[in-house]
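This report concerns only the one structure given below.
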Amino acid sequence: MKTRKRFGQHFLHDPGVLKRLVEAIAPASGDPIVEIGPGEGALTRPLLERVPHLTAIEIDRDLASSLSREFPPERLTVVSADALDFDFSALPAGLRVVGNLPYNISTPLLFHLARFAGRVRDMHFMLQREVIDRLVAKPSTSDYGRLSVMLQTRFEMRKLFNVSPGAFRPPPKVESAVVRLVPLREKMTCDEAAFEKLVREAFSARRKTLRNALPLALPDYDALEIDPKLRPENLSPEDYVRITARVCAR
């Protein structure tokens, strides 16, 4: 089937990579699994060999129709929709989310999925390797940024393995990798909306010092034992949670 550039389609076809991905997911009968962007069904088929049913979200109507014709609804529920707009809370709790995510929307999609962390058991994604490096980055490194902070406060993340461009059709111009995200047991101790706003504000001025980048008085920084001469990229995710709680308390 012809790929469509506007959907950022790169279909995974390498049997060895697919086998490693399914083994990493380790699906079991009864697991509520949703696959984002099933495409031509390369991952869908081996997953359905392990589970009696899964849900697939596909924005390409032609691909969605093809999968619906191949599998009966009791095996595969195909939702023709944009995953960026999909309400994952409509699916069962303990959800396992998998997929070869379109690289052109991977970052906003990860932010969207983070809002449903409380209903998710785990997530396994094929992503651009650069994005995964940003997900797992440590403070004060070049890859560390807003994506790192927003996801690390909600998930424990582990890069599993790299994937070469030749595993896809057509081959992307970037290296890929697979990442596992498991929601943290402890929930954030601050208002999530305020946290998102503060982190966005901080990293929109990442080259400035905290004193100029964030709306916090010097006595507040002293109380938090944070040096206001540091830059946003020097703070840990936990620091941002503490700052948000301080701002909300004021």
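Filtering region 215-233 for residues that are farther than 25 Å from residue 99 by Cα and among the basic types (Lys, Arg) leaves a non-empty set.
Just checking, which of 40, 35, 23 is in contact (Cβ under 8 Å) with a residue 12 or more places away in the chain, within 20 Å of residue 160 (Cα to Cα) and either of a type in the set (Asp, Glu) or in a loop (DSSP other than H, G, I, E, B) (or both)? Just one listed residue meets the conditions, 35. Checking each residue in region 168-190 for being more than 21 Å from the chain's Cα centre (by Cα) and surrounded by 13 or more Cβ atoms within 10 Å (Cβ to Cβ) picks out 169, 190.
Taking (1) surrounded by 20 or more Cβ atoms within 10 Å (Cβ to Cβ); (2) out of contact with any Asp or Glu (no Cβ under 7 Å at 6 or more places or on another chain); (3) closer than 16 Å to residue 169 by Cβ in turn, residue 33 satisfies each apart from (3).
For region 116-140, filtered to residues that are touching a residue at least 12 places away in the same chain (Cβ under 8 Å) and assigned to a loop (DSSP other than H, G, I, E, B), the residue that is farthest from residue 179 (Cα to Cα) is 140. Restricting attention to region 193-207, does a residue exist that is exposed (fewer than 15 other Cβ atoms within 10 Å of the Cβ), more than 26 Å from residue 106 (Cα to Cα) and touching a residue at least 12 places away in the same chain (Cβ under 8 Å)? No, that holds for no residue. Is it the case, given these coordinates, that residue 94 is surrounded by fewer than 21 Cβ atoms within 10 Å (Cβ to Cβ) and either more than 23 Å from residue 232 (Cα to Cα) or among the hydrophobic types (A, V, I, L, M, F, W, C) (or both)? Yes: the conditions hold for residue 94.
In the condition set (1) farther than 25 Å from residue 10 by Cβ; (2) surrounded by 21 or more Cβ atoms within 10 Å (Cβ to Cβ); (3) in the same structural domain as residue 17 (by TED's automatic domain parsing), residue 142 is compliant with all but (2). Within region 208-241, if we keep just the residues that are in a helix (DSSP H, G or I) and either in the same structural domain as residue 151 (by TED's automatic domain parsing) or small (Gly, Ala, Ser) (or both), the residue that is surrounded by the fewest Cβ atoms within 10 Å (Cβ to Cβ) turns out to be 223.
Can you say whether residue 188 is outside any loop (DSSP other than H, G, I, E, B) and in contact (Cβ under 8 Å) with a residue 12 or more places away in the chain, as far as the supplied structure shows? No: the conditions fail for residue 188.
The values are calculated or read from the model by the stated rules, or taken from the named source; none is laboratory data. Here the structure is a predicted model, which is why all the values come from computation and not from measurement. Counting neighbours? That spans all protein chains shown, and the Cβs are built from the backbone with ideal geometry, glycine included.
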